[in-house]
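Colleague: Below are the structure tokens for one structure; questions will follow.
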Amino acid sequence: MRKPVFMSGEEAAGMIESGTTIATIGMTLVSASETILKALEKRFLETGEPRNLTLMHSCGQSDRDRGIQHFAHEGMLGRIIGGHWGLQPKIMKLISENKLLAYNFPQGQFAQLYRSMAGGEPGKITKVGLGTFIDPRNEGGKMNERTKEAPDLIDVVEIGGEEYLRYQPIPMDYCIIRGTRIDENGNLSTEEEAMSLEVFSAVMACRKFGGKVIAQAKYKVKAGSIHCKQVTIPGVFIDAAVICPEPEADHRQTHSFAFHPAYCGDIRTPEEADETLPLTVRKVIGRRAMMELGKNDILNVGTGIPNDVVGPIIAEEGISDEVTITVESGVYGGVPMGGIDFGIAKNNFALVRHDDQFDFYNGQGVDVTFMGAGQVDEDGSVNATRLGPNPTGAGGFIDITTNAKHVVFCSTFTGKGLECSFEGGKVTILKEGALIKFVNRLQQVSYNGLIARKKGQNMHYVTERAVFELTENGLLLTEIAKGIDLQTQILDLMEFKPLISENLKTIDPVIYRQDGPFGLKGMLR
């Protein structure tokens, strides 16, 4: 029987040769193979090797300090092909300073590209990304000036008279994965991981191209002691295995804790009173956005405001049995964590594979998705992927918004310094934000409002003071908050004049209620 070689992190790092392509599997800090990645960084800093690596990763894999941040050294990386860099400031800096080639793929297409590669297909063929900055007729997912002259990794193909994008296969030399237990024959389980991810697909893609698989595990156990149904990766596909010597530091379940059984489904915990969110501008926006929900809706929660508030509001309003919350990592139900711990949830009733989850988003599509937004134009197009010099990337944003039945963007009306109060059921602007968000020209097109209008997609844009709806003629202002002046506090702070509803309504002041539920359960359509 073929078995992996057990070795130290330093020995595993020594396997990596300059000029090769590495795929790392993880999300935020979940499943980050820190023992191996730290050793790889140490080797580069001490010897200058390996150099000119290509790093490929389907989603953001860092907590600002760890994860793929270990690759963030000039010369170590020559090219990065990734899904998201919002929590990777050092990598964003390298990209913005043109220190490496940088390509961005939508997260779900990337996760599923591994499946296409594993099966020897010509790439991942989909409509996801058409009309956005991913489209090669726009930017082709190229994230800096240096990459503009580099070869395209995405092309347009026509099938049955319709246009599709083809995400091209990327030959890989190494795949670095993580699990919980590994037996003497190399069979790897992942029962303590907070996500299922696309581990098997990536390993198969690596093997397809003749690459080597390196696995980090928390425990080494006797051969045959892992139940066959718990084996995520059979040992015959693993070349090298590293047992983490310091799990508390280098095999953490997520950023905030080394291990909590509720986040991998081993236990269910009671909802505690301190989980009730204080009334903030983010909660106000979340409350109004969630008024778009209907009974039995299956919803998705994106990063930013939605992931910070939607889960806690569902718990506070007691509607967990009325709707089903999902997260792109594969979570169903429960209370998702936000920020640096995005992608995990406690008390969820199901946790499916990351790449499988996007079959749902790309196919049937969620009933409602709540997403953040950085800029909006008069066509209803949105930029949520590049603001200023920072190339955060798409994550699952493009995948999910393309096919969702109803998209609800959640954002403050202005940015950078906005301060509000909500006394007396109205909005008072204490300090206006310095950044205009409703603009004539987007820095990058992450969501194409023109395409959405053609297919009749339902879309709302919710802020603390105004609500807009996407119509066939453009962006329509439908609601304004009590206490807000239409001209000076909305229109004068937009670079374009929106359509204004003849039946302009007042935002229901109940969303500004200070204490307790605001009655969402009775509002569900």
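Colleague: Taking a cut-off of 12 Å between Cα atoms, list the aspartates and glutamates near Lys229, but don't count ones fewer than 8 places away on the same chain.
Modeller: List returned: Glu191.
Colleague: Would you mind calculating the gained length between Val5 and Glu184 on full extension (0.36 nm times residue separation, minus the Cα-Cα distance), in nm to one decimal?
Modeller: 63.5 nm
Colleague: Within 10 Å, at most 11 other Cβ atoms, and a DSSP state outside H, G, I, E, B define an exposed site. Report the longest part of the chain free of exposed GluC sites (Glu not before Pro).
Modeller: The answer is 273-471.
Colleague: Out of every Cα-Cα pair in the stretch 203-248, what percent are more than 12 Å apart?
Modeller: Distances greater than 12 Å cover 67 percent of the Cα pairs.
Colleague: How big is the charge dipole of the stretch 446-525 about its Cα centre, in debye rounded to the nearest 20, if each Lys and Arg gets +1 on its Cβ and each Asp and Glu gets -1 on its Cβ?
Modeller: Here the stretch 446-525 has a charge dipole of around 360 debye.
Colleague: Counting only residues 5 or more places away or on other chains, whose amide H sits under 5 Å from the amide H of Ile490 once H atoms are built in the peptide plane?
Modeller: none
Colleague: Does anything in the stretch 409-429 have its amide N under 14 Å from the 7 Å Cα→Cβ label point of Glu495, and if so which residues?
Modeller: Only 415 fall inside the zone, counting backbone N under 14 Å.
Colleague: Rank these residues by their accessible area, most exposed first, probe 1.4 Å: Tyr219, Tyr332.
Modeller: Sorted descending by solvent-accessible area, the residues read Tyr219, Tyr332.
Colleague: Run the numbers on the stretch 179-262 and let me know its relative contact order in percent, using alpha-carbon pairs under 8 Å that are six or more apart.
Modeller: 37 percent
Colleague: A further question on this structure: Grab the alpha carbons of the stretch 54-94, take their convex hull, and tell me the volume per residue in Å³.
Modeller: 54 Å³
Colleague: What cysteines in the chain have no other cysteine with a beta carbon less than 4.7 Å from their beta carbon?
Modeller: Within the chain, the cysteines lacking a partner Cβ under 4.7 Å are Cys59, Cys228, Cys244, Cys264, Cys410, Cys420.
Colleague: If DNA, RNA and ligands are ignored and the probe is 1.4 Å, what is the ranking of Arg137, Arg115, Arg453 by accessible area, most exposed first?
Modeller: Arg137, Arg115, Arg453
Colleague: Now for a different question. To the nearest 20 Debye, how big is the dipole of the stretch 352-443 about its Cα centre, given +1 on the beta carbon of each Lys and Arg and -1 on that of each Asp and Glu?
Modeller: Roughly 320 debye for the stretch 352-443.
Colleague: For Ser381, what accessible area in Å² do you get when you roll a 1.4 Å probe over the heavy atoms of the protein chains, rounding to the nearest 10?
Modeller: Ser381 has an accessible surface of roughly 10 Å² with all protein chains in place.
Colleague: First obtain the Kirkwood hydrodynamic radius of the stretch 442-525 from its Cα pairs, then insert it into the Stokes-Einstein equation at 25 °C and 0.890 mPa s, and state the resulting D in µm² per second as a whole number.
Modeller: Value of D from the Cα-based Kirkwood radius: 167 µm²/s.
Colleague: What base-10 log of the normalised intensity I(q)/I(0) is obtained for the chain from the Debye formula, alpha carbons as equal point scatterers, at q = 0.12 Å⁻¹?
Modeller: For the chain at q = 0.12 Å⁻¹, log10 I(q)/I(0) is -1.10.
Colleague: Evaluate the Debye formula for the stretch 328-473 with equal point scatterers sitting on the alpha carbons, no solvent, and hand back log10 of I(q)/I(0) at q = 0.11, 0.15, 0.21 Å⁻¹, in q order, two decimals.
Modeller: -0.49, -0.88, -1.35
Colleague: Between Val352 and Lys405, what FRET efficiency comes out of the Förster formula 1/(1 + (r/R0)^6) with R0 = 25 Å and r the beta carbon distance, rounded to 0.05?
Modeller: 0.80
Colleague: Compute the long axis of helix 199-208 from its Cα atoms, compare it with the longest principal axis of the Cα atoms of the chain, and write down the angle in degrees, 0 to 90, nearest 10.
Modeller: 50 degrees
Colleague: Along the positive direction of the dipole of the stretch 479-525 (beta-carbon charges: Lys, Arg +1; Asp, Glu -1; about the Cα centre), which of Phe496, Gln514, Leu524 reaches farthest?
Modeller: Leu524
Colleague: Please compute the modelled spin-label separation between Lys431 and Glu246, points set 7 Å along Cα→Cβ, answer in nm with one decimal.
Modeller: 3.9 nm
Colleague: Now for a different question. Please tell me the relative contact order of the stretch 1-149 in percent, rounded to the nearest whole number, where contacts are Cα pairs under 8 Å and at least six residues apart.
Modeller: After rounding, I find 18 percent.
Colleague: From the phi of every residue in the stretch 519-525, what ³J(HN,Hα) in whole Hz does the Karplus formula 6.51 cos²θ - 1.76 cosθ + 1.60 yield, where θ is phi - 60° and glycine or proline is x?
Modeller: x, 4, 4, x, 9, 4, 5
Colleague: Using a 1.4 Å probe, what is the accessible area per residue for the stretch 198-289, in Å²?
Modeller: It amounts to 46 Å² per residue over the stretch 198-289.
Colleague: Still on this structure, please answer the following. Note down the relative contact order for the stretch 138-227 as a percent, whole number, built from C-alpha pairs under 8 angstrom at least six residues apart.
Modeller: 29 percent
Colleague: For the charge dipole of the stretch 171-215, defined by +1 on Lys and Arg C-beta atoms and -1 on Asp and Glu C-beta atoms about the Cα centroid, which residue among Val199, Gly179, Gly211 has the Cα displaced farthest towards the positive pole?
Modeller: Gly211
Colleague: Under 13 Å between alpha carbons, and skipping anything fewer than 8 positions from Lys416 in its own chain: which aspartates and glutamates qualify?
Modeller: Glu432
Colleague: Still on this structure, please answer the following. From the residues Val156, Ile170, Met143, which one has its Cα farthest along the dipole of the stretch 141-226 in the positive direction, the dipole being from +1 and -1 charges on Cβ of Lys/Arg and Asp/Glu about the Cα centre?
Modeller: Comparing the listed Cα positions along the dipole, Ile170 ranks first.
Colleague: Same structure, new question: Sequence neighbours fewer than 8 away in the same chain don't count; with that in mind, list the lysines whose C-alpha is under 20 Å from Lys455.
Modeller: Within reach: Lys127, Lys405.
Colleague: So, one more: Of Lys142/Lys212; Lys3/Lys346; Lys142/Lys437, which ones are farther than 31 Å apart at the Cα?
Modeller: From the list (Lys142/Lys212; Lys3/Lys346; Lys142/Lys437), the Cα-Cα distance tops 31 Å for Lys3/Lys346.
Colleague: Could you pull the accessible area for Leu165 with a 1.4 Å probe, rounded to 10 Å²?
Modeller: 0 Å²
Colleague: Quote the charge dipole size of the chain about the Cα centre in Debye, to the nearest 20; the model charges only the Cβ of Lys and Arg (+1) and of Asp and Glu (-1).
Modeller: For this selection, approximately 580 debye.
Colleague: Once you list every other residue whose beta carbon is under 11 Å from the beta carbon of Gln112, what net charge do they have if Lys and Arg are +1 and Asp and Glu are -1?
Modeller: Neighbour charge sum, excluding Gln112 itself: -3.
Colleague: Let me ask you something else. Largest first, how would His406, His260 line up by accessible area (1.4 Å probe)?
Modeller: His260, His406
Colleague: Helix 107-118: angle to the longest alpha-carbon principal axis of the chain, degrees 0 to 90, nearest 10?
Modeller: In the chain, helix 107-118 runs at an angle near 30 degrees to the longest axis.
Colleague: I want the local charge near His460. Using Cβ-Cβ distances under 11 Å, sum +1 for each Lys or Arg and -1 for each Asp or Glu among the other residues.
Modeller: -2
Colleague: Can you give the accessible area of Ser501, probe radius 1.4 Å, in Å² rounded to 10?
Modeller: Near enough 30 Å² of accessible area.
Colleague: If you don't mind, another one. Given H placed 1.01 Å from N in the peptide plane, which residues other than close sequence neighbours of Cys175 have an amide H under 5 Å from its amide H?
Modeller: Amide H to amide H, under 5 Å and 5 or more residues apart or across chains, Cys175 pairs with Ala23, Lys212, Val213, Ile214.
Colleague: Could you work out [θ]222 nm for the chain from helices alone, using -39500 (n - 2.57) per DSSP H run of at least four and dividing by all its residues? Round to the nearest 500 deg cm²/dmol.
Modeller: About -5500 deg cm²/dmol.
Colleague: Where both residues lie in the chain, what percent of DSSP beta bridges are antiparallel, nearest 5?
Modeller: Counting DSSP beta bridges with both partners in the chain, the antiparallel share is about 45 percent.
Colleague: I'd like the distance between the alpha-carbon centres of the stretch 23-73 and the stretch 172-223, rounded to an integer number of Å.
Modeller: For the stretch 23-73 versus the stretch 172-223, the Cα centre distance is 16 Å.
The values are calculated or read from the model by the stated rules, or taken from the named source; none is laboratory data. In this text, all values refer to a predicted model and were calculated from it rather than measured experimentally. Quick reminder, even Gly has a Cβ in these numbers, built from the backbone with ideal geometry, and neighbours come from all protein chains shown. With ligands, DNA and RNA removed, areas are computed over all heavy atoms of the protein, side chains included. Shrake-Rupley method; radii C 1.70, N 1.55, O 1.52, S 1.80 Å.
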